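Notes follow once the structure below has been shown.
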Amino acid sequence: MRTILCRRLGVELPIVQAPIGGAAGPILAAAVSNAGGLGMLAPWSADIATLRQQIHQTRALTDRPFGVNLVLAFQQEERLEVCLEEGVTILSFFWGDPATSAARARAGGATTIFHTVASGEEARRAVGCGVDVVVAQGWEAGGHVRGSVATLPLVSAVVDAVGPATPVVAAGGIADGRGLAAVLCLGAAGAWIGTRFLASTEAIVHPRYRDLILGARETDTVHTHVFNIGWPDAPHRVLRNSTVEAWEAAGSPPPGRRPREGEVVATSVSRGPIQRYRSYTPTPDAEGDIDALSLWAGQGVGLVSHVQPAGDIVRDIAEDARATLRRLQALV
């Protein structure tokens, strides 16, 4: 399964660990890379010392390629400079115009630049800005989601828009090898997988959050904009919970008029008080009403039923994809 993406990145498998903010650190990224995929750090709001430490720690844990993802909804110039100073060659951008960041990354020595898009037109613009790999994120994806098109039609449209010269990575609802095989059949060069890695032993998530992921069905997520403190005007997909249900029952009012707004529902040693409606990944040091927090999850959550080391997840997805593709070949 060495696709154009594998050759471009120098990896063995077309599997990219999505930059699940707050849950992805050096241990998870390195484990995915060591298994043959591409691990990804997500230091979107990290201070500079922490960012350097994460890059150094990842390098100490793997000698294989890994990437760093930066969200362009926030100021990232200083973090981008640090990545380039530290010799990071694979960079991923999300949410915004990549033109300036891509140009700076290229000038600073980056060899592969990813950008996440929600349409064929966005893909063409990204490639025109110097982006090397386009991530087509369908609205099935967990966490923050810009677009409103489902993964299958979006991947097809983006492949038609920029392929085959530009590798397209499919994101949204992919949690096993069947999903990877399906998007490869659509012309994608790989899969961007997040929710499945929330159930890895290396993910930095609260045990209760992990349990809720493991018990969820494919119908238990909702695409909403309710958890917007800290990241306004950013739609996202989460597990339906008490906060979502109370807000919907009140008629989905805007900020300032939402039920129990301003209430502190949890606290975290690393992040302090966590208000209801805050954009926050529940980490192991959180205490309080974990069920009421922003429980990021994609529609592929129904396929996530057990905890495994990240390396085993990568290997299982790859083997399942190979078996699926062999079955399909037998039908031809």
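The values are calculated or read from the model by the stated rules, or taken from the named source; none is laboratory data. Worth saying up front: this structure is predicted, and the values here are computed from it rather than measured. Please note: Cβ atoms are built from the backbone with ideal geometry, for glycine as well, and neighbour counts cover all protein chains shown.
So for the stretch 282-290 (the condition being under 24 Å from ASN228 (Cβ atoms), in a loop (DSSP other than H, G, I, E, B), among the hydrophobic types (A, V, I, L, M, F, W, C) and outside the structural domain of ALA181 (by TED's automatic domain parsing)), does at least one residue qualify? The answer is no, given that none of the residues of the stretch 282-290 is under 24 Å from ASN228 (Cβ atoms), in a loop (DSSP other than H, G, I, E, B), among the hydrophobic types (A, V, I, L, M, F, W, C) and outside the structural domain of ALA181 (by TED's automatic domain parsing). Summed over the stretch 103-118, residues that are touching a helix residue (DSSP H, G or I) at 6+ places or on another chain (Cβ under 7 Å), surrounded by fewer than 22 Cβ atoms within 10 Å (Cβ to Cβ) and either in contact (Cβ under 8 Å) with a residue 40 or more places away in the chain or among the β-branched types (Val, Ile, Thr) (or both) total 1. Residues of the stretch 291-310 that are over 17 Å from the mean Cα position of the chain (by Cα) and either over 30 Å from SER242 (Cα atoms) or outside any helix (DSSP H, G or I) (or both): LEU293, SER305, HIS306, VAL307, GLN308, PRO309. No other residue among ALA249, ALA323 is in the same structural domain as ALA141 (by TED's automatic domain parsing) and surrounded by fewer than 14 Cβ atoms within 10 Å (Cβ to Cβ) apart from ALA323. Taking the criterion of being assigned to a loop (DSSP other than H, G, I, E, B), over 26 Å from VAL304 (Cα atoms), without any contact (Cβ under 8 Å) to a residue 24 or more places away in the chain and of a type in the set (Asp, Glu), would at least one residue in the stretch 80-102 satisfy it? Within the stretch 80-102 (the criterion being assigned to a loop (DSSP other than H, G, I, E, B), over 26 Å from VAL304 (Cα atoms), without any contact (Cβ under 8 Å) to a residue 24 or more places away in the chain and of a type in the set (Asp, Glu)), the answer is no, since none of the residues qualifies.
For the stretch 98-132, which positions are among the aliphatic types (A, V, I, L, M) and in contact with a Ser or Thr (Cβ under 6 Å, 6 or more places away or on another chain)? Don't jump to the end; show me each part of the working.
We begin by selecting, within the stretch 98-132, every residue among the aliphatic types (A, V, I, L, M); these are 99, 102-103, 105, 107, 110, 113, 117-118, 123, 126-127, 131.
Within the stretch 98-132, ALA110, VAL127 meet the criteria.
No other residue among GLY37, GLY67, GLY25 is over 22 Å from LEU180 (Cα atoms), assigned by TED's automatic domain parsing to the domain that holds GLY179 and small (Gly, Ala, Ser) apart from GLY25. Number of residues in the stretch 86-105 that are charged (D, E, K, R) and farther than 16 Å from LEU41 by Cα: the value is 2. Taken over the stretch 24-43, the criterion of being buried (at least 24 other Cβ atoms within 10 Å of the Cβ) and of a type in the set (S, T, N, Q) is satisfied by SER33 alone.
Contact map, the stretch 208-235: residues that are free of Cβ contacts under 8 Å to residues at least 40 places away in the same chain paired with residues that are surrounded by 15 or more Cβ atoms within 10 Å (Cβ to Cβ), Cβ distance under 6 Å, separation 6+ or inter-chain. Pairs shown: VAL222/ARG240; VAL222/VAL244; HIS225/PRO235.
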